[in-house]
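The structure appears right after this line, and notes come after that.
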Amino acid sequence: MNAKSYLHPGERLDDLQRNGYKIIQNPDKFCFGMDAVLLSSFAKLKNCKKVLDLGTGNGILPILLAAKTNAEFFEGLEIQEESADMARRSVAYNHLENRIHITTGNLVNASAFFGNQTFDAVVTNPPYMNDRHGLKNPNLPKAAARHEIFCTLEDVIRESSYVLKPKKSLYMVHRPFRLAEIFQTLIKYQLEPKRMCLVYPYIQKEPNMVLLEAVKGGKSMIKIEPPIIVYEDSNVYTRQLLDIYEH
């Protein structure tokens, strides 16, 4: 089958610069961002057998992580069938069916789908905004990626805790302005924050992303990693960011 046979109207095939892998995207719906790339580099999945991506969207995280890690199997859970179908076609295009499976369903029911203590790691790039934060996009796929329409932060953290095996990790990217709420909710569900990295658009600006690792049943101690600076000048990436993209 040629590449066009995998695409629906309005879609394109983007090169991920990893193992020859490509991903199907529809710019009128939603395209993955830098947050997914940074999370894929932040997550440490050495010797993981089963990894769950909560809210997988078009499957960007499992595909990137399949290229970057030796984790054996990825399950992506996505509520919007259109996005889940796009993810499945990307998986098929890259011949990753033996490593990645996409399930359509709401992550608020993740533990009902997969059972408790069934995964060695969870990764998630959840919606950052609740009803009090900003205007909702009238385009549902874009709105659902940004706002907590189908799930809340607590849903994401609760279900992550339920499906994780003891002493295994949740990896998440989110917004720094919700850190107090994130830490409180993680601890509520026995997920101990262990690593944190703040991402700054420019060195003189406030951070606009945070990368977090939390361990189920872990001891209380957190490591603050060196910050990531995205731009050194307008539209000029730092060497640090380019190294992340290249490795």
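Suppose we filter region 154-212 for residues that are buried (at least 16 other Cβ atoms within 10 Å of the Cβ), β-branched (Val, Ile, Thr) and assigned to a helix (DSSP H, G or I); how many remain?
Count: 5.
Would you point out which residue out of 72, 78 is modelled with pLDDT of 95 or more and out of contact with any helix residue (DSSP H, G or I) (no Cβ under 6 Å at 6 or more places or on another chain)? Lay out the reasoning, then the answer.
Details: 78 fails: out of contact with any helix residue (DSSP H, G or I) (no Cβ under 6 Å at 6 or more places or on another chain).
Sole residue among the options that is modelled with pLDDT of 95 or more and out of contact with any helix residue (DSSP H, G or I) (no Cβ under 6 Å at 6 or more places or on another chain): 72.
Across region 6-53, what is the total count of residues that are among the basic types (Lys, Arg), in a loop (DSSP other than H, G, I, E, B) and at pLDDT below 95?
Adding up the residues that qualify gives 2.
Run residue 35 past the list (1) more than 21 Å from residue 104 (Cα to Cα); (2) touching a residue at least 12 places away in the same chain (Cβ under 8 Å); (3) more than 16 Å from the chain's Cα centre (by Cα) and report the number of the one that doesn't hold.
Unmet condition: (3).
Testing residue 228 on (1) in contact with a strand residue (DSSP E or B) (Cβ under 6 Å, 6 or more places away or on another chain); (2) surrounded by fewer than 17 Cβ atoms within 10 Å (Cβ to Cβ), one condition comes back false. Which one is that?
Going through (1) in contact with a strand residue (DSSP E or B) (Cβ under 6 Å, 6 or more places away or on another chain); (2) surrounded by fewer than 17 Cβ atoms within 10 Å (Cβ to Cβ) one by one, residue 228 breaks only (2).
Any residue at all in region 8-30 that is within 16 Å of residue 122 (Cβ to Cβ) and of a type in the set (Gly, Ala, Ser)?
Looking through region 8-30, none of the residues is within 16 Å of residue 122 (Cβ to Cβ) and of a type in the set (Gly, Ala, Ser).
The values are calculated or read from the model by the stated rules, or taken from the named source; none is laboratory data. These numbers come from a predicted model, not from an experiment. Glycine gets a Cβ as well: all are built from the backbone with ideal geometry, and neighbour counts include every protein chain shown.
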